[in-house]
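Working notes for the structure below.
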């Protein structure tokens with residue numbers, strides 16, 4: 001995948017941002033995470049967001 005520049009706050013429409021949040025929350029619940037830091041990577045296409053990785057850790061190596 002081509003990496004792009006990260007912009008904060010996001011320029012994505014609010015509906016897409018909420019779909020990303022909802023998908024990340026579903027993924028964290030699916031693996032039993034309920035507290036602590038979460039690192040989640042998602043991609044977005046015409047079908048919406050999909051999870052690449054989710055783990056109970058902070059960002060970085």
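Computed from the coordinates by the stated procedures, all read-outs in this text should not be read as laboratory data. For clarity, every value in this text was computed on a predicted model and none was experimentally measured.
For the chain, set up a GNM with springs between Cα atoms under 10 Å and report which of 41, 14, 25 has the largest fluctuation.
14
GNM on the chain, C-alpha springs below 10 Å: top fluctuator among 40, 30, 19?
In this elastic network of the chain, the residue with the biggest mean-square fluctuation among 40, 30, 19 is 30.
Could you compute Rg(Cα) / (2.2 N^0.38 Å) for the chain, with N its residue count?
Its radius of gyration relative to the 2.2 N^0.38 Å reference: 1.16.
What residue among 29, 43, 11 has the largest mean-square fluctuation in a Gaussian network model of the chain, using Cα springs under 10 Å?
11
Taking only C-alpha pairs under 8 Å that are 6+ residues apart, what is the relative contact order of the chain in percent?
28 percent
Suppose only helical runs count, i.e. DSSP H with n ≥ 4. What mean residue ellipticity at 222 nm does that imply for the chain under -39500 (n - 2.57) per run, divided by all residues and rounded to the nearest 500 deg cm²/dmol? Please report the intermediate quantities before stating the final value.
Details: 1 runs with 17 residues, N = 61.
The per-residue figure over the chain is -9500 deg cm²/dmol.
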